[in-house]
1. For residue 334, work out the one condition from (1) buried (at least 24 other Cβ atoms within 10 Å of the Cβ); (2) at pLDDT 85 or above; (3) over 15 Å from the mean Cα position of the chain (by Cα) it doesn't fulfil.
2. Quick test for you: out of 143, 106, 150, pick the one residue that is aliphatic (A, V, I, L, M), surrounded by fewer than 18 Cβ atoms within 10 Å (Cβ to Cβ) and either touching a Gly at 6+ places or on another chain (Cβ under 9 Å) or closer than 25 Å to residue 306 by Cβ (or both).
3. Read through the list (1) modelled with pLDDT of 80 or more; (2) not in a helix (DSSP H, G or I), then give the number of the only condition that residue 175 fails.
4. Return yes or no: is residue 170 surrounded by 15 or more Cβ atoms within 10 Å (Cβ to Cβ), out of contact with any strand residue (DSSP E or B) (no Cβ under 7 Å at 6 or more places or on another chain), at pLDDT 85 or above and hydroxyl-bearing (Ser, Thr, Tyr)?
5. Please determine whether any residue of segment 275-285 is assigned to a helix (DSSP H, G or I), touching a helix residue (DSSP H, G or I) at 6+ places or on another chain (Cβ under 6 Å) and either among the hydroxyl-bearing types (Ser, Thr, Tyr) or within 23 Å of residue 132 (Cβ to Cβ) (or both).
6. If I filter segment 313-327 down to residues being closer than 11 Å to residue 123 by Cα and either β-branched (Val, Ile, Thr) or in contact with a Ser or Thr (Cβ under 8 Å, 6 or more places away or on another chain) (or both), which single residue comes out as modelled with the highest pLDDT?
7. Being within 17 Å of the chain's Cα centre (by Cα) and not small (Gly, Ala, Ser) is the filter here; which residues of segment 273-301 pass it?
8. All but one of (1) in contact with a helix residue (DSSP H, G or I) (Cβ under 9 Å, 6 or more places away or on another chain); (2) more than 23 Å from residue 324 (Cβ to Cβ); (3) at pLDDT 90 or above; (4) not β-branched (Val, Ile, Thr) hold for residue 21; which doesn't?
Amino acid sequence: MTKPLPDHGDRHTVVVVVAIQAAISLGYFAAMAHVVLHLKVDLGLAAGLIGLVLALRNLVQHTLSLPVGALVDVLGPVRIGVLACLLRAAGFALLGTVSSLPWLVVAAVLLGTGGALFHPAAQSLLAGLAERRRARGYAAYTVTLQIAAVLGPALGLALLNVGYWLVGLTAAALWLGAAFLFALLRHGPPVRAVSGVVSGVRTVLRDRVFLGFAVVSTPAMLVTDQASVVVPLSGVDAGAVTVFVCVLAMVSAMVQPWCAVPGRADRPGVLRAGLLFAAAGHLLLAVGAGGALTGLVLVAALHGLADGLLQPAVFQTIARLAPPTRFGAYLGVQTFLSGLFAFAGGIAVGWSFDRGPGGATAALVVLALIACAAAACARPHPGQAIDARDAAQARLP
């Protein structure tokens, strides 16, 4: 089991990282909550091309996560975080102002590259804290994301009355503000890797316990991310999409105080429950429950539970298994595997929806089955088994 770093008084780090999360998430959800309708209605792209553009962003982001995670360990999260925000600001500016497919591809690449840099940078700052501070800090980080996920689509919907170009430029401005906030963090975690990127990735690939967890958790990204894609592709309007995203975010935020208890979120039962909630949400969509507002709210609540459990489950388990100087590399490998799977799945889902109602139903059922299969494979890792044994012995008279 990884021993946490000493608590070096990083309340300032938590406050600034949470402020960064507020800025970038508000911009991200304002733009991304309505991007499918923008690409479909404003630009007239087919569902397959929409799926390709969105999946390309995921592919770039999560493919680059493999080397970038280890790079954060070497160079430090602050400089990487500033660069990430600048790249994503450029990507959102393009997304709101271009209409040709080649430029949309450029925007997707910039957004994906910025995301590959941002997530290991921000999460490495939190992973470097002591366990109690780390659990509470990540909960605050996630709650802030979900609050922004409630406010962001509403902001985007208001700006959409002027045009999607304003949505994109507003998101870009918020990411520029986040770059400034990153610059306020002059000190990252006190311990950094001294060897290079290749060495960091090689260390992860030799860790069989972690690789087992990475494989089991790989479908989590696909089954949660596709919820925000399949709902607008199902034919609901912008108002219903906004309701869906907001309910999902509120439920996810409500779960975070429960996950903030140290040692709770990395239990395999939490990962398993999150996957099963996602499966139930996709099955309800498959039987047409999303056609009515009540059914759509229920689906959003199930996906909110899934999202609220899976995010801290993955983060806390990686923080538990990774050496303090290698969190970025471990996160990078897990994200790389998840991103490749999500890319392939996103392409398949978009293609299936182009085939008509039968194809859409089949795609939703397959997503549910994938989530169920992953949940069935979730098992305690050796460190958890030892902890459980020690706890049981401590209760003996």
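The values are calculated or read from the model by the stated rules, or taken from the named source; none is laboratory data. Computed from a predicted structure; not experimentally measured. Glycine gets a Cβ as well: all are built from the backbone with ideal geometry, and neighbour counts include every protein chain shown.
1. (3) is the only condition that residue 334 fails.
2. The unique qualifying residue is 106.
3. (2)
4. When the stated conditions are applied, residue 170 passes them.
5. Within segment 275-285, not a single residue is assigned to a helix (DSSP H, G or I), touching a helix residue (DSSP H, G or I) at 6+ places or on another chain (Cβ under 6 Å) and either among the hydroxyl-bearing types (Ser, Thr, Tyr) or within 23 Å of residue 132 (Cβ to Cβ) (or both).
6. Initially, segment 313-327 is screened for residues closer than 11 Å to residue 123 by Cα, giving 315-316, 318-319, 327.
If we keep only those that are either β-branched (Val, Ile, Thr) or in contact with a Ser or Thr (Cβ under 8 Å, 6 or more places away or on another chain) (or both) too, we end up with 318-319, 327.
Details: 318: 89, 319: 86, 327: 85.
The residue in question is 318.
7. Applying the first criterion (within 17 Å of the chain's Cα centre (by Cα)) to segment 273-301 yields 274-275, 277-278, 300.
Selection gives 275, 277.
8. Every listed condition holds for residue 21 apart from (2).
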